[in-house]
């Protein structure tokens, strides 16, 4: 297997609780190229968040390995920054301080104080949140919090940006705004991004490739769909675009025909 | 076509609304007056009910204790009998013959010392118990048993150890206040959300950075809950401890007044004890809000 920029090789994950083993992931292999935007989609409980946590290094794989830029990954680190589902901003710090915490840690000795300040402000500008830099997380809306969460992750200058259902807790309109913001950032900076989602439209709109996972237990990659839509993409134009609709249909068919979610199948 | 026409109509309807904005200079003036009356209304709403209740209670007390054979003095009699005590809080006499201010100050000094020691040791032990599974298994049962020992039960033991009243009283304060601080700190540390720990992991914070930047601020609301319970218990314990150790202090003052049958003085002292206890509680809550920057719901 030729190694990609980021590659997951034969990842197995088994959780053990009270002596009963449950197999979550089985033989998950995936390669992601530099600058690529990949979504991982699947029904809830299929282990897609587990995949992301293994890439982030927050969970250890039972067997298999993750390589990033030729190096083996086995612990969390800022080169794989995570945008957490519920933003995870520290409530006692202001927006500025939250990002500065990351910047001062990651760029200690590499940037001086003034450069660090500029870098914080630059990332706040990227997500259009510079106006709220002195606010606390409790004083801003959910969408704004997630913008700050994205800015914090970007400020670490990661090799891969990991987005764990970043817009799941937001209302539809705010979600659309943030999707546009992420698309714009991806176009400007060319980051490699991996996003976990359960929203079909979101996956098709944002991704170069969509990784569809089968249902657990022992979930694996069912299909990988290329999304051959030119960028920049516009959600209104795409609404009647034939390729877009085809991609959407393919994902829907996978999720609702071939791998229907059976609830409480224990 | 019909849609665009609709748009035009709407925009026409919108235009008069835009003109309303022109009136806005008048708004601030009106709102300042409104805000002032609103503030005054809120103030009366918070201050009036307790004042009314207090007046009613004092009235009831006056009526109940008005008979000459009553064993307890009525408020009017308290005022007349203890007038000297009330108007001379800074009186300096000999021995324990001091104004109320000096008694309270002596008690506060003991509480400050014992409480400060309890806060430092309590937070340190709480962090240990909250962080380490083994420390928790080893120490928690001991803490759970020791914390039920009443404060005064420690006094004879500490008198035996220190052979002096003052350090014994301080030790009683310490041992009374430390348990809620330990337990709440430990709970706070154990309840640090996984999200914050993940953030720390992704940033590769070292142990020292994690302690200062995540652990203490995240646990601060819990720690201050413990500190607030602790200050209340300290103030409860000091009165009892001072009754036994003697010397200048509000506890001994009350005991001395009882021995001299100065019931009115006791009532004056109780008012002081209550007010000071309330202020101490508010002080810790205020410091808590300051330190946690409003994330503590104190």
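Note on the range A:228-251: residues that are touching a residue at least 40 places away in the same chain (Cβ under 8 Å) and surrounded by fewer than 13 Cβ atoms within 10 Å (Cβ to Cβ) total 2. Beta carbons closer than 7 Å, at least 6 apart along the sequence or on distinct chains, never pair a first residue in the range A:169-185 that is not assigned by TED's automatic domain parsing to the domain that holds residue A:197 with a second that is assigned to a helix (DSSP H, G or I) and surrounded by 14 or more Cβ atoms within 10 Å (Cβ to Cβ). Restricted to the range A:75-96, and to residues there that are more than 15 Å from residue A:144 (Cβ to Cβ) and without any contact (Cβ under 8 Å) to a residue 40 or more places away in the chain, the residue that is nearest to the other protein chains (Cβ to nearest Cβ) is A:76. Hey, residue A:136 hits all of (1) over 26 Å from residue A:49 (Cα atoms); (2) assigned by TED's automatic domain parsing to the domain that holds residue A:45 but one; which does it fall short on? With (1) over 26 Å from residue A:49 (Cα atoms); (2) assigned by TED's automatic domain parsing to the domain that holds residue A:45 applied to residue A:136, the lone miss is (2). Filtered by the rule that a residue be surrounded by fewer than 16 Cβ atoms within 10 Å (Cβ to Cβ) and assigned to a helix (DSSP H, G or I), the range B:87-104 gives B:87, B:101. Of the residues in the range A:17-28, none is within 14 Å of chain B (Cβ to nearest Cβ), in a loop (DSSP other than H, G, I, E, B) and farther than 23 Å from residue A:204 by Cα. Scanning the range A:51-69 for residues that are under 15 Å from residue A:196 (Cβ atoms) and within 14 Å of chain B (Cβ to nearest Cβ) yields A:52, A:53, A:54, A:55, A:56, A:58, A:59.
Candidates in the range A:232-266 are the residues that are part of a helix (DSSP H, G or I) and in contact with a strand residue (DSSP E or B) (Cβ under 9 Å, 6 or more places away or on another chain); of these, the one that is modelled with the lowest pLDDT is A:258. Whether a residue is crowded, with 22+ Cβ neighbours inside 10 Å and either at pLDDT 90 or above or away from chain B (no Cβ under 14 Å) (or both) was assessed, and residue A:126 does not pass this test.
Between B:276, B:271, B:248, the distinction of being under 15 Å from residue B:104 (Cβ atoms), in the same structural domain as residue B:155 (by TED's automatic domain parsing), over 15 Å from the mean Cα position of the chain (by Cα) and part of a helix (DSSP H, G or I) belongs to B:271 only. Taking (1) more than 14 Å from chain B (Cβ to nearest Cβ); (2) within 20 Å of residue A:202 (Cβ to Cβ); (3) in contact with a strand residue (DSSP E or B) (Cβ under 9 Å, 6 or more places away or on another chain) in turn, residue A:44 satisfies each apart from (3). Residues that are within 13 Å of another protein chain (Cβ to nearest Cβ) and touching a helix residue (DSSP H, G or I) at 6+ places or on another chain (Cβ under 7 Å) within the range A:97-123 comprise A:98, A:99, A:100, A:101, A:102, A:103, A:104, A:107, listed in sequence order. If you go through the range B:197-212 and pick out every residue that is at the interface with chain A (Cβ under 8 Å from one of its Cβ atoms) and more than 30 Å from residue B:231 (Cα to Cα), you end up with 7.
The values are calculated or read from the model by the stated rules, or taken from the named source; none is laboratory data. In this text, all values refer to a predicted model and were calculated from it rather than measured experimentally. Positions of Cβ are backbone-derived with ideal geometry, glycine not excepted, and every protein chain shown enters the neighbour counts.
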